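Just so you know, all these numbers are worked out from the coordinates, no wet-lab data involved. The structure displayed is predicted, hence computed values, not measured ones. A quick note on method: Cβ atoms are made from the backbone with ideal geometry, for glycine too, and the neighbour counts reach across all protein chains shown.
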Amino acid sequence: MTASPLDRLLRPESVAVVGASSDPTKRGYQAVRALRNSGYSGRILPVHPGGGELFGLPVFGAVAELPLIPDLALVAVAAEHVPGVIKECGQAGIGGAVVLAVGFRESGDRGAALEREVVEIARRTGMRVIGPNTSGILNPHIGLNLVGVDAVKPGGLAVLSQSGNIGLDVMTAMATSGISLSLYVGVGNEGDVAFHEYLEYLEQDHTTQGILVYSEGFQDPESFLRVVERVNQTKPVVVLKGGRSERGIAAALSHTGAIAGSYDVFKAVATQRGILVVERSDEFLAVGKMLTFQPPIAQGHGVAIIADGGGHATLAVDLLAERDLPLARLGSGVRKQLEELLGPAAAVGNPIDMAGAADRRLEVFARVAEAVIAEDDVGGVLLTGLFGGYALRFDASLESGEARVARRLAALCDRAGKPIVVHTVYAASSNPALVALRAAGIPVVGSLEIATRCIEAAVERGKFVARAAPDPTVSAIIPMVNEPRPVQVARKEGRRALTEWEARSLLDAHGIPVAPATLCQAAEEAANAAVRQPGPVVLKLLSGTILHRTEARGIELGLNGPEEAASAFERIQEAATTYAEELQINADFRGVLLSPMLERPTAELMVACRRDARYGPVLVIAAGGVMVEVSPDHVVGGLPLREGDFANMIDSLRISPLLTGYRGAEGVDLAGLERLCRDLGNLLLSYPGLQEIELNPVFAYPTNVLAVDALAVLTDI
């Protein structure tokens with residue numbers, strides 16, 4: 001492991017406990033005790049103005065009296081005293097501090113000011129701060145226990161948690177389920193050291209094989225996503241995100257912000273970077289163990305289910321089908337082999353139901369698994385039923401044999417490089433068979449739902465590792481220095497949005513296909529433009545203030561001839577005036593856009609790009625037209641798009657079969673749609689002054705795609 005700026009904090013050779021106490025209820029007492037009990041190999045230096053002795057250690061009256069400069073200080077004092085302590089530690093040359101106290105940013109404006117003061121003092125003196133409002137750190141490899149959790153073994157799974165209770169929950173479960181820990185950090189308020197810095201440390205840490213992250217928000221989400229994408233190439237990252245119900249702070253001027261809340265955006269951009277996002281706390285650790293200690297399921301391969309009862313086998317099939325996970329195809333040769341092993345009562349397709357054959361011969365589990373794992377189409381195995389409980393269910397004499405079978409199962413999967421998940425009704429027991437499986441890094445769970453989620457995670461990980469790593473030499477789009485003319489005009493007039501005519505000029509400049517339109521600023525101009533069209537036309541209100549024309553009765557369809565067009569112009573102008581009076585705004589009537597009525601498309605879509613306040617530029621694709629409001633079917637992706645992102649987004653839409661073609665019907669021009677999406681993304685990235693640009697609807701045909709309407713919203717200056 002190369003030297004890291006966080007070494008003195010996370011692998012300290014000495015720790016000062018500032019606020020050490022003889023009161024067993026105080027963290028200053030508990031921390032010294034935990035360090036002693038966990039066998040911390042470094043120097044422990046209790047600090048308290050009263051001096052004395054604690055657990056046989058001398059207590060120093062002040063930081064300045066310490067006989068050496070410790071790497072780390074655990075600050076166990078009340079919030080109002082923390083700035084003074086940090087100043088003393090910084091002046092003494094201490095590398096970093098773990099600030100336990102609450103009462104900072106999480107408590108309101110006064111606490112936020114106190115937190116800023118602490119961080120500013122630390123930065124002036126070159127210190128780093130973990131927290132504040134942190135549950136501490138635990139590095140079992142060196143016996144560094146500043147949390148107070150016992151019995152967590154040193155190993156390969158790291159945990160970064162913004163919540164002390166979530167961290168405690170995870171580490172307690174690790175201690176009881178045989179999962180080993182490389183490092184725990186209570187990130188707390190992330191006032192100084194940020195999530196991405198911990199990830200950079202763990203990337204280089206040779207003891208860490210996988211990472212669990214619980215977060216309710218990131219101080220620097222852009223850096224987190226950039227770093228996690230790189231880390232995730234070699235060490236899987238699983239994230240449980242709190243605060244999922246919070247809606248984004250997108251402007252209310254478009255549909256895009258309303259249907260793509262902040263969690264939607266986070267999940268999309270995180271998944272693009274290979275992060276496995278879970279939404280249930282009971283899946284968090286199981287999925288983390290699966291990805292850390294089991295190989296992924298290779299792309300294009302299926303799952304084999306081995307069961308010792310029909311009920312669990314049926315439910316497993318249902319759950320895998322709900323997650324759209326394929327069952328492996330078993331060849332005739334292996335099916336014949338299974339018939340010979342299991343007898344005529346067994347089901348030897350997939351799922352494989354052993355129908356009691358294992359009750360008499362436990363080794364049949366291993367023999368069945370050996371035959372199945374050898375099949376090319378099998379990417380992983382789900383074992384479900386009573387395994388690990390035969391000695392409890394039938395006879396204690398089966399215990400040693402069951403343990404032998406467990407070790408054999410683990411070795412089989414390890415040699416084949418294929419994962420196995422064990423679901424058993426005896427998951428809560430600690431018999432030797434299940435202990436052996438857990439020690440081999442195999443998830444053993446009592447919930448079939450969690451077992452299938454682990455399988456799904458292995459499939460997702462397999463897809464990610466099959467993708468090419470992002471090319472760091474590819475340059476991002478360089479934003480334009482000068483804003484385009486329409487944006488300059490809108491800003492001069494004090495408008496937050498462009499008119500459709502102005503937005504169209506941006507689309508044209510970037511080669512994005514748009515339905516033809518003629519600007520008409522008088523009824524006579526509308527009549528003359530209609531004469532030049534061979535068929536019916538559409539008139540749409542053009543205004544600098546009225547952006548949603550349907551509500552203002554600003555659209556008229558199917559107009560034939562100059563007279564209907566002229567009359568429609570006057571009706572639209574009158575409707576805009578009435579609507580503006582109701583809202584007490586200026587109608588800012590600028591005429592109408594006249595377009596030919598288009599052929600009915602295969603699909604109407606909304607395609608939009610926007611700058612998310614937390615996670616940066618994103619693309620939104622949705623079922624368009626009125627469907628955006630009635631039944632939102634949408635998908636979000638980060639910009640710029642990576643290889644395969646567009647295809648994954650299309651697959652995620654409920655209307656995907658309509659787009660790709662089904663039941664003999666022709667799909668849409670997906671290549672053209674992808675070009676439109678990428679070009680629209682490039683347009684947003686080119687102009688920092690654009691907050692979002694929405695095309696709704698986009699008409700998608702088998703041979704082309706066409707934007708019919710456009711709305712562009714500007715950033716605040």
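Computed values, structure above
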item: Extended-chain gain in nm, criterion 0.36 nm per residue less alpha-carbon gap, ASP716 and GLN488; result: 80.8 nm
item: The chain - mean residue ellipticity at 222 nm from DSSP helices (-39,500 (n - 2.57) per run, n ≥ 4, rounded to 500); result: -11500 deg cm²/dmol
item: Between helix 561-583 and the chain: long-axis angle, C-alpha atoms, 0 to 90°, nearest 10; result: 50 degrees
item: For the chain: lysine pairs under 16 Å (alpha-carbon distance), excluding those fewer than 8 apart on one chain; result: 6
item: Tail fraction, Cα-Cα pairs, region 27-75, threshold 15 Å, whole percent; result: 41 percent
item: Cut-off 13 Å (backbone N to label point 7 Å along Cα→Cβ of GLU599), residues of region 693-710; result: 700-706
item: Karplus-derived 3J(HN,Hα), 6.51/-1.76/1.60, for each residue of region 54-67, Hz, glycine and proline x; result: 9, 6, x, 9, x, 9, 8, x, 7, 4, 5, 8, 5, x
item: Cα-based convex hull volume of region 479-535 per residue, rounded to whole Å³; result: 113 Å³
item: For region 166-178, Karplus couplings with θ = phi - 60° (6.51, -1.76, 1.60), whole Hz, Gly/Pro x; result: 5, x, 4, 4, 5, 5, 5, 5, 4, 5, 8, 10, x
item: FRET E, pair THR234, THR578, Förster distance 60 Å, beta-carbon r, rounded to 0.05; result: 0.45
item: Cα pair count fraction exceeding 26 Å, expressed as % - region 417-550; result: 61 percent
item: For GLY155, distant residues with modelled amide H under 5 Å away; result: LEU181, SER182
item: Alpha carbon convex hull of region 7-235, volume per residue in cubic angstrom; result: 114 Å³
item: Theoretical gain in end-to-end length, ARG614 to LEU670 [0.36 nm per residue, Cα-Cα removed]; result: 17.2 nm
item: Rounded Å value of the spacing that divides the Cα centres of region 677-717 and region 66-129; result: 47 Å
item: Efficiency of FRET between THR550 and ARG415 - r from beta-carbon atoms, R0 45 angstrom, step 0.05; result: 0.10
item: Label-point gap, in nm, between GLN521 and ASP508 - each point 7 angstrom along Cα→Cβ; result: 1.6 nm
item: Antiparallel DSSP beta bridges within the chain, percent to nearest 5; result: 50 percent
item: C-alpha long axis of helix 82-92 to longest principal axis of the chain, angle in °; result: 70 degrees
item: Stretchable slack from LYS153 to GLU279, in nm (0.36 nm times residue separation minus alpha-carbon distance); result: 42.7 nm
item: Estimated inter-spin distance, LEU392 and ILE142, nm [label 7 Å along Cα→Cβ]; result: 4.0 nm
item: For region 368-383, 3J(HN,Hα) per residue [Karplus equation, 6.51 cos²θ - 1.76 cosθ + 1.60, θ = phi - 60°, Hz, x = Gly/Pro]; result: 5, 4, 4, 5, 6, 4, 6, 5, 4, 7, 7, x, x, 10, 10, 9
item: Value in Å of the Kirkwood radius, where region 603-714 supplies the Cα pairs that are averaged; result: 14.0 Å
item: On Cα atoms only, tilt of 109-125 relative to the major axis of the chain in degrees; result: 70 degrees
item: Rounded FRET efficiency, nearest 0.05, which uses the C-beta distance separating GLN299 from ALA374 and R0 of 22 Å; result: 0.70
item: Column: log10 I(q)/I(0), Debye, Cα scatterers of the chain, q = 0.07, 0.10, 0.11 Å⁻¹; result: -0.64, -1.04, -1.13
item: Percent of Cα pairs exceeding the 19 Å cut-off, where the set is region 295-466; result: 51 percent
item: Mean Cβ count within 10 Å, highest first, over the residues of peptides 274-282, 594-602; result: 274-282, 594-602
item: Size descriptor, Kirkwood hydrodynamic radius, that averages inverse alpha-carbon separations across region 516-596, Å; result: 12.2 Å
